[in-house]
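Some notes on the structure that comes next.
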């Protein structure tokens, strides 16, 4: 039983690292777009178009709620690792 819990813990850690890497990649794309603008390349422009599409369909109240939820998850994660 404890071996299975250890494997689930490692899987959970790997999934979190993958999600954090994806978020970092999106943030880097946003930064490159802010610096270079329309000349930032096809990949960066497609990422930005997807971000604009998603945020255009979600109103401000939902974005605030999602931001609070993400902040709570990171705060709880940090506290549990303490």
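Could you please let me know if residue 67 is free of Cβ contacts under 8 Å to residues at least 60 places away in the same chain, in a helix (DSSP H, G or I) and surrounded by 11 or more Cβ atoms within 10 Å (Cβ to Cβ)? If you could, list the steps in order and put the result at the bottom.
Working: free of Cβ contacts under 8 Å to residues at least 60 places away in the same chain: yes; in a helix (DSSP H, G or I): yes; surrounded by 11 or more Cβ atoms within 10 Å (Cβ to Cβ): no.
No; evaluated as a whole, the condition is false for this residue.
Residue-by-condition table, conditions (1) within 25 Å of residue 80 (Cβ to Cβ); (2) in a helix (DSSP H, G or I); (3) modelled with pLDDT under 90:
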| position | (1), (2), (3) |
| --- | --- |
| 4 | yes, yes, yes |
| 10 | yes, yes, no |
| 21 | yes, yes, no |
| 25 | no, yes, no |
| 51 | no, yes, yes |
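The values are calculated or read from the model by the stated rules, or taken from the named source; none is laboratory data. Small disclaimer: the values here were computed from a predicted structure and weren't measured. Positions of Cβ are backbone-derived with ideal geometry, glycine not excepted, and every protein chain shown enters the neighbour counts.
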